[in-house]
Structure formats: structure tokens, C-alpha cells
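In what follows, a single structure is set out as C-alpha cells and then discussed.
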Amino acid sequence: VDVKQIASNMRMLVGRPVMEVLEGRRVEVITKRMEHLPDSVYIPIECLEKVVPGYENEPHFTEMVFDVKKEETKDAKERKDERIQERKLLMDQMKEFLAGKDSPIRGPLSEKGTVLIHGGAGSGKSMFAHQLEYYIQGEYYAERKKQGVTVVLIKCQLQVLKKPLTEIFAETMRRHYNLRDVQIYSLLDKILDPGQNFEVIFLLDGYDEMRAEFRNKNLFTTNNLEQFRNGGGTAGDCNYPKVIYLSRSELFAGQTNYVQPFLPIETDNIKKDEEAEAIEFYHELKLASFEESMGP
């Protein structure tokens, strides 16, 4: 019996070890972003806290404003230097959102479980998504690894999924990561095992591009995303897994309760089984042009 051949055949059937596949993807993201980072990640927005009409008493809402008129008075170097700082200001909020229990930057946003980032065309949303992916797969991954935590980023383009209401995890791993079912089950076993100490982050892009019948549905609830909390849905902190939604703001025009589909509602968790409770685990970042934010 050729043991080596048997091992080779088994590897072809089950594929590479799932963590090896994810590590290859992580390294690929970091390498690509390092090559393009200096020229392609400056986001043309000025990060300013602003009270938004109708949201005066809503601490979960922050609007990010780009002042075009102010930009016109600056030379190219000054604009570039400020945009580096602007990117850091926006990223600082996401760093706080992701921060673990023992992190020195942990703050109120760390208690949130989901965040919605939305803006109009040209607001910097797509660029920021790339920057955020680079941060999570690089600096954040390394930091958590030192703390004994393995971060698994699941980045998904919602508009290409056939079953986004129930199969976000499995279909994304098949489509975007080319995993086989046996690899997907292996990863899920690791996530559910409290002894493995995994942390899952969902980066869900293209919410506004999904088919109409899938919009305005609570993807967290329909997919039971709480099951991806390390140890399962009943274990750990209620602000895990972290879920980040990206969408165009135009989708929400005229809607009075567009927030509901993004709330991390858990039907079997008395702390989060109602909207009034789940909203405490939600935050929103709106990227808007200066003119748009001023209104008529």
C-alpha cells in the first residue's frame, strides 16, 4: 500500500486544511494592499461628529462630512496630509468597534455588535472597505493572535449570493473562498469549539445591490449569525460576532425605519430579542458630501 498516494488522494477529496486556505487568502490581501496602499486608500471625507435632524437622541448614529469648499483652499500636499489623518479618524472608530476586552482602545463602540456604513456615490465607502479589510487581516489579526485569538474575516459581496437570507456563511465560503463542504464544516467546528478561541467578523458589502426581495430583511436574524459566536449562540459576549454592513444611502431615502434590518436581533436571547434592546448593540456611520449633509 502506497501511504503517500493514499494521503494525496485524500487531500484531493477534502482539499487543503481550511486554516491553510484562509491564511493564504489573508496573506494575499495584505500583499495586494501593501502594493497599492500609498496611492489608493485616501478617503476624501472629513470626519466630524454632527447632530443629524431626527437623530438628536440617538447615540448610535454618526455622520461623516466632506467639506468641498474647505478643500478648494488647500494645496495638494496639505489635502493629502489631512486625508491621511481623516482616514485614521474614521478607522479609529472601527478599531474601537473591534477592540476586545483587554484592548487599551476599548470604548463604548466596543460594546456594539453591528455597524452600518453607508454613503452616496463617491463618498469613499468602497475605498474604506478595502482599507478596513487590510487592517483586519493585518494589524488586527496579529494583535489578536498575540492574545491567543484567531480572527476569521468573512468578506462577502451580498449581491452575488443566491440565498443571502439563509446561506451567507456557507455560500460565501464556497463562492469567495472556494472551500468545499468538508472544509466549511471543519471551520464551523473550530468556531463553535470554545477551546479554539476563534473570533468571526462578517464584512457584508453590496447590501443595496441585492435583489429587491432580499432587501429590508434582517440578515443577522434569518442567518442566525449569533451561532458564529465562539462557543455557539449562547456563549460569550452578546456583541459577537462583529458584523459590518456596507450600502449606498440612496436605498434608505424616504424610509422611516431603515435601521431595523441591521439590528442584531436574537430571538432566543432575552438581552436582544426585541428592537429596543438590539439597537443598543448597533452603530451607524454615514458618509456624506458636504452639500448633501446641509440639506435644502
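Just a few scattered comments:
- Karplus-derived HN-Hα couplings along segment 262-279 (A = 6.51, B = -1.76, C = 1.60, θ = phi - 60°), whole Hz, x at Gly and Pro: 9, 7, x, 6, 10, 5, 9, 10, 5, 7, 9, 8, 10, 4, 4, 8, 5, 5
- Extension gain (nm, one decimal) between V149 and D189, 0.36 nm per residue minus Cα-Cα: 12.8 nm
- Residue pairs exceeding 31 angstrom between C-alpha atoms, taken from K145/K217; K32/K272; K163/K286: K145/K217; K32/K272.
- Taking a Cβ cut-off of under 15 Å around P104, the surrounding Lys, Arg, Asp and Glu residues balance to a net charge of 0, with basic ones at +1 and acidic ones at -1.
- Spacing of the two label points (7 Å from each Cα toward its C-beta) at N178 and A212, in nm: 3.7
- Take 253-266, 108-121 and order them by the average number of nearby Cβ atoms within 10 Å per residue, most first; the result is 108-121, 253-266.
- Highest average packing first - 165-174, 187-196, Cβ atoms within 10 Å: 165-174, 187-196
- Residue (of I265, Y282, Q255) at the positive-pole extreme of segment 243-284, dipole from beta-carbon charges: Q255
No lab work stands behind these numbers, since they all come straight from the coordinates. Because the structure is a prediction, the values reported are computed rather than measured. Neighbour counts are summed over all protein chains in view; Cβ atoms, including those assigned to glycine, are modelled from backbone coordinates with ideal geometry.
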